Amino acid sequence: RGVITNAGGAVRVQTLPGQENYPAVNANGIQSQVLARWASSFSVTRTKNAALEAVGRPVSTARPSTGKRPKKPLDKKAGNKDCKADIAFVIDGSYNIGQRRFNLQKNFVGKVAVMLGIGTEGPHVGVVQASEHPKIEFYLKNFTAAKEVLFAIKELGFRGGNSNTGKALKHTAQKFFSLENGARKGIPKIVVVFLDGWPSDDIEEAGIVAREFGVNVFIVSVAKPTTEELGMVQDIGFVDKAVCRNNGFFSYQMPTWFGTTKYVKPLVQKLCSHEQMLCSKTCYNSVNIGFLIDGSSSVGDSNFRLVLEFISNVAKAFEISDIGSKIAAVQFTYDQRTEFSFTDYTTKEKVLSAIRNIRYMSGGTATGDAISFTTRNVFGPMKDGPNKNFLVVLTDGQSYDDVRGPAAAAQKAGITVFSVGVAWAPLDDLKDMASEPRESHTFFTREFTGLEQMVPDIIRGICKDFLDSKQ
């Protein structure tokens, strides 16, 4: 925005809450990206005393006289820590590309590998060659230095045969990213598929398999098929069907294998944009969260609205889709009513709309029965699914029945329980329902207005449990 000028000086960076969306801004020759919902944001303002920061130490942010900024030394061994990713390059080794272009492709992949900043703490890469049958040339664990990777790429031999890219992509998604082969937990898995012309088999199904395995598929297409060759392409829209998301980010086009140096950096920048890796298995896209809502008479209509707002704010943080996270809600008094189940809505908009439309029941409080009902009817059908199961119980009072037994049964069924109490909810009941460690799964507030402050803690708790379960 031009807050920082060439003269430098001190600035104040202030953290702010996140927003639903961030429009692109063009200011001072810089184009910012469009971003969807984000956890937090910041503002930058100039401080009055440009030479001194609050700590009382002179700070110079002006450029040194050399005209170049001092570069932070990159620890060669550790690599680029800002680009932690496990990447498989699926290179085209078919007769389609031929020996000469195959060598140019190797050259390009080598340059990308070096620019990524490979290292123990940075990105790790491996290579798979697609031809008649896919061949894993080397795994993520084999080399952790750019020099070694570059040498291994140079040594790759050309295999020939059909470019069975679909077969190679499927094989890579299923076999390449195992822990024993060097894949790391909690780090984005990426497959970069290089395609010279077109695939000679079905690539759409392979893309679906990759998404199910939490793999982000990029397709780098070089030299589009000629008019004569187009007749051989099974599906002209194959790129859109194979990539992680058909949003333009995951496909990359190069006109030819010659003079590709200028394409290296933009591709590397894409591969290091972690927040764009929408297919990675994270807590945001790999959980089922069921909300068990107290609809008893003591809550009252206006407080019930605050409860629904709390649920909406938790749900908003997650990536809800048919292959992502799922939300369900049950309201209880002495009776239980499934407001919507995990399979009813597969978009965030529809889930939020369904939460808004929940009507307050009013009645007694049988929390134990409600937990048993939800475990059986709502989580039962999801038992063998890939997502981790969470139940958030919200209540404002004493239960008329036992909560300990039903909560233990829910936990035995693989459901992590968070208990959220308001007003007269007894702490003993809340602790009896919550998963271990109970302190971090039990929440309490005197007033319904206090629910709002708990939202980030619940989200953080779900993500921590998700990560711990993957260890």
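Tabulated results
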item: Residue match in region 441-448 (condition: within 26 Å of the chain's Cα centre (by Cα) and at pLDDT 95 or above); result: yes
item: Members of region 406-439 found to be touching a Gly at 6+ places or on another chain (Cβ under 6 Å) and open to solvent by 60 Å² or more (accessible area, probe 1.4 Å), listed by number; result: TRP424
item: Pairs, first open to solvent by 20 Å² or more (accessible area, probe 1.4 Å) in region 290-308, second among the aliphatic types (A, V, I, L, M), C-beta under 8 Å, six or more apart; result: SER298/ALA423; ASN303/VAL422; LEU306/LEU451
item: 2 or more residues loosely packed, with under 15 Cβ neighbours inside 10 Å and modelled with pLDDT under 90: qualifying strands (runs of 3 or more DSSP E) within region 167-282; result: none
item: Flag if SER325 is open to solvent by less than 10 Å² (accessible area, probe 1.4 Å), under 29 Å from LYS81 (Cα atoms) and in the same structural domain as THR395 (by the TED database); result: yes
item: Residue that is among the acidic types (Asp, Glu) and in a helix (DSSP H, G or I), where the choices are GLU309, GLU339; result: GLU309
item: Filter result for LEU52 (hydrophobic (A, V, I, L, M, F, W, C), at pLDDT below 70, surrounded by 13 or more Cβ atoms within 10 Å (Cβ to Cβ) and under 35 Å from the mean Cα position of the chain (by Cα)); result: no
item: Hey, LYS388 assigned by the TED database to the domain that holds CYS463, touching a helix residue (DSSP H, G or I) at 6+ places or on another chain (Cβ under 6 Å) and farther than 23 Å from ASP429 by Cβ or not; result: yes
item: Close pairs from region 343-365: first farther than 28 Å from TRP424 by Cα and among the β-branched types (Val, Ile, Thr), partner modelled with pLDDT under 95 and open to solvent by less than 60 Å² (accessible area, probe 1.4 Å), Cβ under 8 Å, at least 6 apart; result: THR346/ILE320; THR346/SER321; THR347/ILE320; THR347/SER321; VAL351/ILE320
item: Region 116-133, subset free of Cβ contacts under 8 Å to residues at least 40 places away in the same chain and surrounded by 19 or more Cβ atoms within 10 Å (Cβ to Cβ), residue farthest from GLY79 (Cα to Cα); result: SER131
item: Residue that is under 30 Å from the mean Cα position of the chain (by Cα), without any contact (Cβ under 8 Å) to a residue 60 or more places away in the chain, more than 19 Å from LEU451 (Cβ to Cβ) and assigned to a helix (DSSP H, G or I), where the choices are PRO406, PRO381; result: PRO381
item: Test set (1) in contact (Cβ under 8 Å) with a residue 60 or more places away in the chain; (2) under 19 Å from PHE418 (Cβ atoms) - SER312 fails condition number; result: (1)
item: Residue in region 333-363 that is farthest from VAL299 (Cα to Cα), counting only those that are among the small types (Gly, Ala, Ser) and under 24 Å from the mean Cα position of the chain (by Cα); result: SER341
item: Residue check, ASP369 in a helix (DSSP H, G or I), over 21 Å from ASN285 (Cα atoms), open to solvent by 10 Å² or more (accessible area, probe 1.4 Å) and in contact (Cβ under 8 Å) with a residue 24 or more places away in the chain; result: yes
item: Scope region 103-137; condition under 16 Å from THR172 (Cβ atoms), assigned to a loop (DSSP other than H, G, I, E, B) and not acidic (Asp, Glu); matching residues; result: SER131, HIS133, PRO134
item: Count of residues meeting criterion [in a helix (DSSP H, G or I) and buried (at least 20 other Cβ atoms within 10 Å of the Cβ)] in region 138-157; result: 3
item: Residue check for ASN80: surrounded by fewer than 22 Cβ atoms within 10 Å (Cβ to Cβ) and closer than 24 Å to ILE208 by Cβ; result: no
item: Contacts under 7 angstrom Cβ, first residue in region 445-471 being under 19 Å from THR395 (Cα atoms) and open to solvent by 60 Å² or more (accessible area, probe 1.4 Å), partner assigned to a helix (DSSP H, G or I) and not aromatic (Phe, Trp, Tyr), 6 or more apart; result: THR449/LEU306
item: Odd one out for PHE318, checked against (1) farther than 28 Å from LYS464 by Cα; (2) assigned by the TED database to the domain that holds ARG359; (3) out of contact with any Asp or Glu (no Cβ under 7 Å at 6 or more places or on another chain); (4) in a loop (DSSP other than H, G, I, E, B); result: (1)
item: Test: ILE87 is assigned to a strand (DSSP E or B) and either farther than 30 Å from VAL114 by Cα or modelled with pLDDT of 55 or more (or both); result: yes
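The values are calculated or read from the model by the stated rules, or taken from the named source; none is laboratory data. Remember, it's a predicted structure, so these values are computed and weren't measured experimentally. Every residue, glycine among them, receives a Cβ derived from its backbone with ideal geometry; neighbour counts consider all protein chains shown. With ligands, DNA and RNA removed, areas are computed over all heavy atoms of the protein, side chains included. Shrake-Rupley method; radii C 1.70, N 1.55, O 1.52, S 1.80 Å.
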